[in-house]
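A quick write-up on the structure given underneath.
The values are calculated or read from the model by the stated rules, or taken from the named source; none is laboratory data. Not measured: the values here are computed from a predicted model. Ligands, DNA and RNA are excluded from the accessible area calculation, which covers all protein heavy atoms including side chains. Shrake-Rupley method; radii C 1.70, N 1.55, O 1.52, S 1.80 Å.
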Amino acid sequence: MGADAVILGRIARCLALALALSAGQTAASAANPDELLDPEKAFRISARALDARNVEIEFRIADGYYMYRDRFVFATESGKRLADLEMPRGKVKEDQFFGKAETFRGSVRVKLRLSPGDVAKGRVKLKVTSQGCADSGVCYVPLDQFVTVALPGAR
């Protein structure tokens, strides 16, 4: 009987999620697309070298928009994921369908530590994947952005 209750609970959550996604699509289609910023404007990225091994990525987030902390992925152009990073904690947002999620508004800065191999090249091109939403209820698909950073001492 306990297993049946667990399965029914999962089915109920899946149905609730499907309804939420359906409602979200309806809200998205009802929102005026002319009023939404292009994602590159809503979530402006920049990067700079802090020193020979560390790079800072900054996102400036437009008013009325926010980004999810757990949707960031940092990688080199070749696809090697960068896991040695410092990211601040976000503000917890309670989502009625997805639960608690940390979000950023205004801006967020992330410090990345590069591998010796990346440093030896003197320049690194990074692929940053992120996802954010507008307060109007429209969420963007994950966005890939690329930034190139010249490292100090590059020849």
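Values for this structure:
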read-out: Rounded to whole Å, sorted largest first: equivalent-ellipsoid semi-axes of region 98-155, Cα gyration tensor; value: 32, 12, 10
read-out: Sulfur and carbon atoms: percent of accessible area, region 88-155 [1.4 Å]; value: 51 percent
read-out: Accessible area of region 45-155 divided out per residue, in Å², using a probe of 1.4 angstrom; value: 58 Å²
read-out: Relative contact order for region 51-136, counting Cα pairs under 8 Å that sit 6 or more residues apart, in percent; value: 47 percent
read-out: Kirkwood hydrodynamic radius (C-alpha pairs) into Stokes-Einstein, region 67-128, 10 °C and 1.306 mPa s, D in µm²/s; value: 119 µm²/s
